[in-house]
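Beneath this line is the structure, given in structure tokens, with notes to follow.
No lab work stands behind these numbers, since they all come straight from the coordinates. Only a predicted model underlies this, so the values are computations on that prediction, with no experimental measurement involved. Cβ atoms come from the backbone with ideal geometry, glycine included; neighbour counts cover every protein chain shown.
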């Protein structure tokens, strides 16, 4: 049960961090686009694009952590 909670926690934190980093990067991209084209871009596109990225990052973080924890505690694993 602890392995699952640890993996879920790491997945959640990974998703949150990735969401905010994606929003920041996309804001910069849209601001550069605004400077180049002299038009007002829709800044809500940052949230619309960052949400699927965050979900994918959370799922990936959860899966990778769960697999690594399961492998490190398996009876076949050898200590370093």
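Between the helical axis of 45-72 and the longest alpha-carbon principal axis of the chain there is an angle of about 10 degrees. Between helix 2-37 and the chain, what is the angle of the helix's C-alpha long axis to the longest principal axis, kept within 0 to 90° and rounded to the nearest 10? Roughly 20 degrees, rounded to the nearest 10. Rg/Rh for the chain stands at 1.26; both radii use Cα atoms, and Rh follows the Kirkwood definition.
Short-range pairs are left out: with C-alpha atoms under 8 Å and at least six residues apart, the relative contact order of the chain is 49 percent.
With the simple model of a label 7 Å out from the Cα in the direction of the Cβ, residue 43 to residue 73 spans 4.5 nm. Taking 12, 56, 45 as the candidate residues, the one with maximal mean-square fluctuation in a Gaussian network model of the chain, Cα springs under 10 Å, is 45. Among 19, 59, 28, the residue with the largest mean-square fluctuation in a Gaussian network model of the chain, with springs joining Cα atoms closer than 10 Å, is 28.
Calculated mean residue ellipticity at 222 nm for the chain: -29000 deg cm²/dmol, from DSSP H runs with n ≥ 4 weighted as -39500 (n - 2.57), summed, divided by the residue count and rounded to 500.
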